[in-house]
Structure formats: C-alpha cells, structure tokens
Amino acid sequence: MNEKTVDRHFQRALIFCNGEFSADIVPELRKDDLIICADAGLEHALALGITPHVVLGDFDSLSEALRRRLQERDPAFGQVYQYPIEKDKTDGQIAVEYAVKQGIEEIWLLGGLGGRLDHALGNVLLGAAVGFQGTLKVLGRREEAAVIQGPGRLEISGGNGDHVSLIPLTAVCSGVTTAGLYYPLQGDTLYRGDTRGLSNELISSLAAVELADGLMIVIHTKGETGETR
C-alpha cells in the first residue's frame, strides 16, 4: 500500500499500540508530534482525547463501531490505511516504517510492551529491523525499553530505586559508561548472555548510559521494590 507523506514537518512520532497502557506514559504533546495509531491503539488515544494524524493496521482488534467509522473515512481520524489480516509484518512495524518515511528522528511506541513476549521483543528490536538511526523508545505500563547502538548515549528519567538493566545484543558491548546508577560502569565491557548489567538502580532523577561499540537494550522499570544489592 502506498501511504502519502504528511504535509507538516514532524520531529517525533508517538505511536499508540495495543499493549499494556496507562495515561502517564504519554509525554506532554508537542506541535511537532506525529500521532499514529496502530490498530486498537486508536482506543487508547481517543480515551485521552488525542486525535491521530494517521490510523493504520488490519483493524482486527477494533470495536465494530470504530471499524465502521474508519471504513467511512471519518475525517476526525486523519489518513487511514487498512492492511490485510494475513501479512508478513505487524501493525507496529508498519507504523514505525511509516514514521521513518516521514523523516522522524525520535519514535515512541506507547503500549508497545506487555502481553505476549514475542510481540514485546519484536517491538523493542523494530529500530534495527527497519534501519532506523534515531531514538526508538518502547513503553508499557511500568517499563520502557530502548536500543543503543555504539557510539551512542541514552538518558533515563525516573525516580530513586527504579531499576535499569543493560542487555547486550551483540557478542560484546564495549566502552559502557553510566552516570546516576548505584553500580557505576566506567568504560566497561559487557558480554551477551552475562547478567552483570541486570538490576542496576537509579540514585537520582536522571541517569545516562553511553556505549562506545556494540548494540544493547536498556530496560527501565519504574517504581519497583525489592533487593537489588
């Protein structure tokens, strides 16, 4: 299907997905936000009074009433693209690919975690799958994940006691440096499959992770209690 390019220039894409969701994971909206709803993510956006620029997917998870409005091309929903149920990519990937085509530099998948593990992992790795060089965050009700490619840096906002885990995707992740975490790393090397990077802890409201070389998932879990040290 050939999607049209949106008329405005956007810097950030907020993609509403159908995973675990809460209103507090939605950032304050900006004028340069492109609002995309992937299938039943439309339900989450509408519940918050947010009007999408684009709605896409196979719509198999939507209510009959919303499907009818989309089929009738309700102008409140902006551009609408319907895909077959049997296809070789998820609605989330289609949404990310659409955002990348618009020249977006930052993508948030809201409700992209929770539910089935295969879908959650697939969402976290979408940036690598589509060759996206910007920042892609995947958020659920209490967790958010992002992939860093070295050389790169990621900032994490949260509260004292939040957990942060660093999981190498490549065999070796070198030059790992952190700030604002209980167990500091200073140019260290992490290895795929090793658990050294798991369950670190925020000690300030802002932390940072830097990676010189490799590919690594950073998972931030908010408000979790329990022994970490």
Go through (1) of a type in the set (A, V, I, L, M); (2) surrounded by fewer than 19 Cβ atoms within 10 Å (Cβ to Cβ); (3) modelled with pLDDT of 90 or more one by one and return the number of the condition I85 breaks. (3)
Look at L169 and say whether it is surrounded by 15 or more Cβ atoms within 10 Å (Cβ to Cβ), of a type outside the set (S, T, N, Q) and touching a residue at least 40 places away in the same chain (Cβ under 8 Å). yes
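Yes/no matrix, rows are residues, columns are (1) more than 25 Å from K31 (Cβ to Cβ); (2) out of contact with any Cys (no Cβ under 8 Å at 6 or more places or on another chain):
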| position | (1), (2) |
| --- | --- |
| D60 | yes, yes |
| R67 | yes, yes |
| K101 | no, yes |
| E105 | no, yes |
| G112 | no, no |
| T135 | no, yes |
| L139 | no, yes |
| R142 | yes, yes |
| V147 | yes, yes |
Count - residues of the range 91-101 that are crowded, with 18+ Cβ neighbours inside 10 Å and over 14 Å from the mean Cα position of the chain (by Cα): 1
Six or more apart or on different chains, Cβ atoms under 7 Å: show the pairs whose first residue is in the range 29-49 and over 12 Å from L14 (Cα atoms) and whose second is polar (S, T, N, Q). D39/N18; D39/S61; A40/N18; A40/S61
Quick check, is Q133 closer than 20 Å to G19 by Cα, surrounded by fewer than 18 Cβ atoms within 10 Å (Cβ to Cβ) and not hydrophobic (A, V, I, L, M, F, W, C)? no
Out of all the residues in the range 172-194, is one or more outside the structural domain of I107 (by TED's automatic domain parsing), among the hydrophobic types (A, V, I, L, M, F, W, C), touching a residue at least 60 places away in the same chain (Cβ under 8 Å) and part of a loop (DSSP other than H, G, I, E, B)? no
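Each row is one residue, and each column tells you yes or no for (1) of a type in the set (V, I, T); (2) farther than 20 Å from G152 by Cα; (3) out of contact with any Asp or Glu (no Cβ under 9 Å at 6 or more places or on another chain).
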site	(1), (2), (3)
G175	no, no, no
D188	no, no, yes
Y191	no, no, yes
E201	no, yes, no
V209	yes, no, no
A212	no, no, yes
M216	no, no, yes
Of the residues in the range 107-129, those that are surrounded by fewer than 16 Cβ atoms within 10 Å (Cβ to Cβ) and in contact (Cβ under 8 Å) with a residue 12 or more places away in the chain come to G115, A128, A129
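The values are calculated or read from the model by the stated rules, or taken from the named source; none is laboratory data. Note that the structure is a prediction, hence the values are computed from the model and not measured. Note that each Cβ is placed from the backbone with ideal geometry, even for glycine, and that neighbours are counted across all protein chains shown.
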